[in-house]
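Coordinate-derived values only; no laboratory data. Note that the structure is predicted; figures quoted are calculated from it, not measured. Cβ: placed from backbone, ideal geometry, glycine included. Neighbour counts: every protein chain shown.
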Amino acid sequence: MTELLNGSGAGADYFDGETPKLRRVEIHLNTGERALEIRTPDLPMKRWAFADIRTVPDQADKTWLALAHHDDPVARLYVLGPQIIAELRANCPDLRQKPPVKGRGRLFGWAAAAVASVALIVFVLVPVMANQLAEILPPEGEQALGDTTFEQIRSAFSETGFDPIAVCDELDGRRSLEIMQARLTVGVDLPYPIKVDVLDYDLVNAFALPGGRVVFFRGLIDEAEHPDEVAAVFAHEIGHVVNRDPARIALRTAGSIGVLGLLLGDFAGGTVVLFLTERLIQASYTQEAEALADAFAHETLAAAGIPPSSLGSMFRRLLEEYGDSEGIVAHFASHPALGDRIANAEAADALLTGAFRPSLNDHDWRALQNICG
Ligand SMILES: [Zn+2]
């Protein structure tokens, strides 16, 4: 048996997925057996074959590594230290493969009563408290939450983990966004200004964050065939902001994770915010929240002289191109039937009374398309 690390092993934290407890363990890379050995005084030694070890995806903090095992996907091993991380990366061939989804059922192997009471807290009490908290959250706190989440998203989508994805800042393109925003926020009364950014990333998606932030991925602007389609999505996201949906979902998720954290022991801080980030991007809003944001968009677009059917045409092409499981479709289509939403957007063209004015002229639309340079 060959041991690296001068035979002394390295420290790590281990969560077995069965008991709500993080254990300090000693790990050894056994290069002869091609396996990672996990040793604790109170448990039989576990052996994870190098080929079966996966990293937990979307980890922001690169100073430690969260590992899962192919056949034991609920367990987690948290490894700290550049040397051991480098050795793991060198030895485990499929480290970056996605961990399998199977085996989650083991989480529910805890005593039934405990699970039921946790479920009550996480799914009933926390959402109720989140709705009330969202009402009293000061605007400054909400903005700070939005800013933190924005930075987390930039890091989470980074290829290398070191350079956050770029905020697109071509001046003419930013000016186009301002023109569009001015058209869509007439009479909107918020405790903070809407702040919109484009991130230089291929994903076809847009979402709202707490504190009035609206974020487009460049992929959505690339996909649009007319500026009114971008304006329609913008109006939908402003609808979420006006309805305080991002603040509510952020508090609900943070609250649920807080409760889970108490039970599971020490959740790593980065994981908590990432969880939150994922929820906000996927924007698993209720059907009611989506319908209200659509209705806001229809009225706002019509009042600005932009056809609300632009929202429908964006949905329609995305549905044709991506089916119903990817990118923006996953966000916009998660709950209500997309067909109904397309029909509603088209019917809302009847709200148009004044003159039709495109959301951007050709020059400004080209500037927006080049906002990432
Ligand atoms: Zn939405």
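Worth pointing out:
- Estimated at 0.36 nm per residue, the fully extended path between Asp147 and Glu159 surpasses their Cα-Cα distance by 2.2 nm.
- 10 Å beta-carbon shell around Leu368, net charge (K/R +1, D/E -1): 0
- Spin-label model, Thr63 to Asp172: label points 7 Å out along the Cα-to-beta-carbon direction sit 4.4 nm apart.
- Applying the Karplus relation 6.51 cos²θ - 1.76 cosθ + 1.60 with θ = phi - 60° to the range 182-191 yields 3J(HN,Hα) values of 4, 5, 9, 10, 5, x, 7, 10, 10, x Hz, where x marks Gly and Pro.
- Straightening the chain between Asp349 and Asp42 buys 103.7 nm, computed as 0.36 nm per residue apart minus the Cα-Cα spacing.
- Phi to ³J(HN,Hα) by Karplus 6.51 cos²θ - 1.76 cosθ + 1.60 over the range 229-234, Hz, x for Gly, Pro: 6, 5, 4, 5, 5, 4
- Residues whose amide H comes within less than 5 Å of that of Ala75, counting only those at least five positions distant or on another chain, are His69 (H built at 1.01 Å from N in the peptide plane).
- Here Thr286 and Ala90 are evaluated by their C-beta separation; at R0 = 51 Å the FRET efficiency comes out at 0.65.
- Here the gap between Leu80 and Glu26, fully extended at 0.36 nm per residue and compared with their Cα-Cα distance, gives a gain of 18.3 nm.
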